[in-house]
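Report on the structure given below.
The values are calculated or read from the model by the stated rules, or taken from the named source; none is laboratory data. Only a predicted model underlies this, so the values are computations on that prediction, with no experimental measurement involved. Quick reminder, even Gly has a Cβ in these numbers, built from the backbone with ideal geometry, and neighbours come from all protein chains shown. Note: accessible area is taken over every heavy atom of the protein model, side chains too, but ligands, DNA and RNA are not part of it. Shrake-Rupley method; radii C 1.70, N 1.55, O 1.52, S 1.80 Å.
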Amino acid sequence: MSPVAVYAQRLAALPRALGILELHPQGLPLADLAAELGVEPADLREVFLAYYLADLVELDSFALPVVEFFSPGSDSDDLAAETSWVRVLTADPEHELGVDHLTAGQLAALYEAGVDLLALEPGNHVLRGAVEAFESALEPADKPLASQWGAGTAQVLHRAAEEHRRVRISYVRQWSPGASPRVVEPYRLVRTRRGWEVDAGPADDVTPVRTYLVSGIVEHQVLDETFVPPADLDALLAANRAAETVELVVPQSARWAVERFAESVTVLADDEESVQLQADLLPPVASRLGLLLLCCGPDAFVMAPPTLLDAAETTARQLLDHHARDA
């Protein structure tokens, strides 16, 4: 193990050590604390000293120390690791470690970013170890550690796209109810606010490229069949993700739905009850907008363009027709 890795392993014990010391304001023998943490007293002392000295000077101004070594009944400064005691001197010793600097949402976003990158770099063992350590610290012990946010499926599709291999999928469609099997030619994997998405062929009578939510792929099988990407693939992918701007008004309580379906959102005006927004939506715009408006409720409506004023009604009728056939 490299010296940096060894020191990082020692440093990892510091948050636990500070947490234990907070429960013992009178201090603890350093040897007892080290034994509780499963480290050597000298190593723990070294980490404490690094933390202590780093905290003494901040931006050229002196601050109160966070930890203190002492020996009960002695004023000697020569304190051996095996005989010295240690205690914390501040009410929130973990603060300078960054423990309180990130919210739960920020931690989740950081973890999600790591999982996403790991899906594209499955051979990155350092990243995998970091993600697994992060996961074990954040998630309950009984929660499965498998492909969260569709990362496992995304990894398979990414590899298939690199190898130009067709994939048979069973896909739960978002715009039209029901699931259907199909064979796709994955061109590119994209991470958006909706999660992983794959732009894929082959071309059909409607569009040369379709976008599939990885979260909607319930089954997949990589085939031995290969495909040749279109010569103008870059232009096709750009056109497939060309957004259309829509102006709409939604209740304040439903702004989340616009954020969920749109690529970007701009606030034009708002009050206590409603907000006027400019949203950039990807194709199929009418279907995407229809579901957005249904999520927002009856008080939401489109202001522009006029061709999309009845998007919610059209989507609602399609859903009712589908469920009427299944009844």
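Apply 1/(1 + (r/R0)^6) to the Cβ-Cβ distance of residue 162 and residue 70, taking R0 = 45 Å, and write down the FRET efficiency to the nearest 0.05.
0.15
With a cap of 11 neighbouring Cβ atoms within 10 Å, and only residues DSSP puts in a loop, list the GluC sites (Glu not before Pro) found in the range 268-314.
Answer in residue order: 272, 273.
What spacing in nm lies between the two simple spin-label points modelled at residue 89 and residue 268, each 7 Å away from Cα in the Cβ direction?
Each label point is offset 7 Å from its Cα along the Cβ direction, giving 6.0 nm.
Could you give each residue of the range 27-41 its phi-based ³J(HN,Hα) in whole Hz, using Karplus coefficients 6.51, -1.76, 1.60 with θ = phi - 60°, and x for Gly or Pro?
x, 9, x, 4, 5, 5, 5, 5, 5, 5, 8, x, 10, 7, x
Among 119-126, 198-205, what's the highest-first ranking by average C-beta atoms within 10 angstrom per residue?
Sorting 119-126, 198-205 by mean packing, highest first, produces 198-205, 119-126.
Would you kindly derive the ³J(HN,Hα) couplings of the range 277-289 from the backbone phi angles with the Karplus curve 6.51 cos²θ - 1.76 cosθ + 1.60 (θ = phi - 60°), listing them in order in whole Hz, with x for Gly and Pro?
Result, ordered by residue: 10, 10, 10, 9, 10, 8, x, x, 4, 4, 5, 5, 5 Hz.
Relative contact order (percent) for the range 196-327, with alpha-carbon contacts under 8 angstrom and 6 or more residues of separation?
20 percent
What accessible area per residue comes out for the range 163-274, rounded to a whole number of Å², with a 1.4 Å probe?
Counting only protein heavy atoms, the per-residue value for the range 163-274 is 54 Å².
Taking the inverse of the average 1/r across all pairs of different Cα atoms in the range 224-322, what Kirkwood radius in Å do you get?
Computed over Cα pairs of the range 224-322, the Kirkwood hydrodynamic radius comes out at 14.7 Å.
Take the solvent-accessible surface of the protein heavy atoms, probe 1.4 Å, and return the percent of it on the range 233-327 that carbon and sulfur atoms account for.
Of the solvent-accessible surface of the range 233-327, carbon and sulfur hold 54 percent.
Quick one: 3J(HN,Hα) in Hz for the range 182-193, Karplus 6.51/-1.76/1.60 with θ = phi - 60°, rounded, Gly and Pro as x.
Calculated HN-Hα couplings, in order: 6, 10, 10, 10, x, 9, 7, 9, 10, 9, 10, 5 Hz.
Calculate, for residue 23 and residue 321, the FRET efficiency according to 1/(1 + (r/R0)^6) with r their C-beta to C-beta distance and R0 56 Å; round to the nearest 0.05.
Once rounded, the FRET efficiency stands at 0.30.
Each label point is 7 Å from the Cα along the Cα-to-Cβ direction; what then is the distance between the points at residue 233 and residue 132, in nm?
Result for the modelled spin labels: 3.3 nm.
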